[in-house]
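Inspection log for the structure reproduced underneath, given as structure tokens.
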């Protein structure tokens, strides 16, 4: 004989069966597997994580309360962008281990700076009252700046792009550099202290719209399509179609002169060189006809790319290892059509650079009044 | 020798590909158990990864005296308990309610919101049980394992497992009665139960 179940028992059983029917969690298995295999390989010679590593997080967490630093965990792990988030825990004084942050995790600084370190890749520091979230920790480590400002220092890597900060629809991508990004109500302010930074719309980040080098800064719209630059920066205008870079101008020493092609999806604003605190945005400048023609620049760029690839291959040590390197090559063309200067940022191996510079100096462009300076990102493989 | 035993033997010999295969075969089960034992924490991925790292490190100790899944569950339960103990030393501020959002962050239909709220409330309820009671309750009621199998997983006599199950259930019932926040949930569930049984009566 069985007794009748109480309402609570019925409720409990119903809850249990409801929970049982729920599908399992949908994790980013590719990422988990990659990390796991990495850990397994690196840890195969060890018994396990070091004593310090085991203690690090709990100890750091215990030290957290005084700092006013908050880490927010995402509601849903696999979707990397635009996630509503919930506060989870207070974290520590020293740098937060970025590799232990779940994707989508928001980090917010209260009254003090807070640093997040991704070992061997990058370290970014939130200024007080700023909030950011890691939205991609795969090949391109990407941080979404939601408010305030952050500074980042990125370890140079032989990859085309390793770290990016997204602010609204603007993407600030770097290749081994140090820079600061600030989000204001409707602008993105970027200051570069080291290396090269590309600023572009988040929707199309295969080609940079603006290249900022050391000492330069810029103010950009939240859509990443408009902006002004000051200092050692280039404005690169794209056209739709197979050839991406069509016209190029530079902001040093004169204000950036951005050709305005009717079909170009990128609208460019230029600014006078001084002062830029905060950077002022002025109206677009028309095409400067004194520069070499687009066709001439493209022809020269093709030759330069071929030459650099040849130099990179020919200076290789005999090895089975495949290597690829990314660098920003900046060519300054004098009025007489000769190549005035060549820079590589980040630098290449000295023998590759020597080979490249020797060949590039042989290139001749058509004559123009003011010459031109342009930057092209090179992907060299061997 | 079964395919799984072959994989395990290869894992023991340090074959990374075999280990990856084991991971792929069992990751969903481990993730589900971790979720059920913890109520979907922010570090679910980390815990799952830690479970498989433990598997990688200690698979040599697996003698085949129990089923591999039992041994894997044992590792999982131990890792979860270890993580929970570590988490207790970390101050947690608060968790915002998230039941009104779907996987894409958008609003869900009302019934799904209600269900998500019940699930969330139930996880909070489970969280109030002791680790030992919660483990056996989840393994028995949600994973459907027998007390004897659970006994192997938690290294306790079968009678102890049955006792923990009895008290876990009794505590949950008391919590359902006494917890005002859960009373709403209980009422909702009951009204649904009554609605479905009246539908059944009408159909017969």
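If you go through the range A:338-371 and keep only what is assigned to a strand (DSSP E or B) and within 21 Å of residue A:197 (Cβ to Cβ), you end up with A:341, A:342, A:343, A:344, A:345. Only one of the listed residues (A:136, A:186, A:223) is at pLDDT below 80 and over 13 Å from the mean Cα position of the chain (by Cα). That residue is A:223. Of the residues making up the range B:32-62, those that are outside any helix (DSSP H, G or I), without any contact (Cβ under 8 Å) to a residue 60 or more places away in the chain and in contact with a helix residue (DSSP H, G or I) (Cβ under 9 Å, 6 or more places away or on another chain) are B:41, B:43, B:62.
Filter the range B:37-46 for residues that are facing chain A (nearest Cβ under 7 Å), out of contact with any strand residue (DSSP E or B) (no Cβ under 9 Å at 6 or more places or on another chain) and buried (at least 21 other Cβ atoms within 10 Å of the Cβ) and give the result. If the condition is that a residue be facing chain A (nearest Cβ under 7 Å), out of contact with any strand residue (DSSP E or B) (no Cβ under 9 Å at 6 or more places or on another chain) and buried (at least 21 other Cβ atoms within 10 Å of the Cβ), then B:45 is the only one that fits.
Considering only residues of the range A:192-205 that are surrounded by fewer than 22 Cβ atoms within 10 Å (Cβ to Cβ) and assigned to a strand (DSSP E or B), which is modelled with the lowest pLDDT? Residue satisfying both the conditions and the ranking: A:201. In the condition set (1) within 10 Å of chain A (Cβ to nearest Cβ); (2) farther than 13 Å from residue A:25 by Cβ; (3) surrounded by fewer than 17 Cβ atoms within 10 Å (Cβ to Cβ), residue B:15 is compliant with all but (1). Residues in the range B:112-150 that are more than 13 Å from chain A (Cβ to nearest Cβ) and outside any helix (DSSP H, G or I): B:128, B:130, B:146.
Here is a check on your reading of the model: is residue B:24 at pLDDT 85 or above, in the same structural domain as residue B:79 (by TED's automatic domain parsing), surrounded by fewer than 16 Cβ atoms within 10 Å (Cβ to Cβ) and closer than 27 Å to residue B:142 by Cα? Yes, satisfied.
For the range B:47-86, a tally of residues being buried (at least 17 other Cβ atoms within 10 Å of the Cβ) and at the interface with chain A (Cβ under 10 Å from one of its Cβ atoms) returns 9.
May I ask you to say which residue of A:117, A:39, A:127 is surrounded by 15 or more Cβ atoms within 10 Å (Cβ to Cβ), modelled with pLDDT of 50 or more and not assigned by TED's automatic domain parsing to the domain that holds residue A:145? Talk me through it step by step, then tell me what you get.
On the way: A:117 fails: not assigned by TED's automatic domain parsing to the domain that holds residue A:145; A:127 fails: not assigned by TED's automatic domain parsing to the domain that holds residue A:145.
Within the list A:117, A:39, A:127, the selection yields A:39.
The values are calculated or read from the model by the stated rules, or taken from the named source; none is laboratory data. Keep in mind it's a predicted model, so treat the numbers as computed, not measured. So basically every Cβ, Gly included, is an ideal-geometry build from the backbone, and we count neighbours across all protein chains shown.
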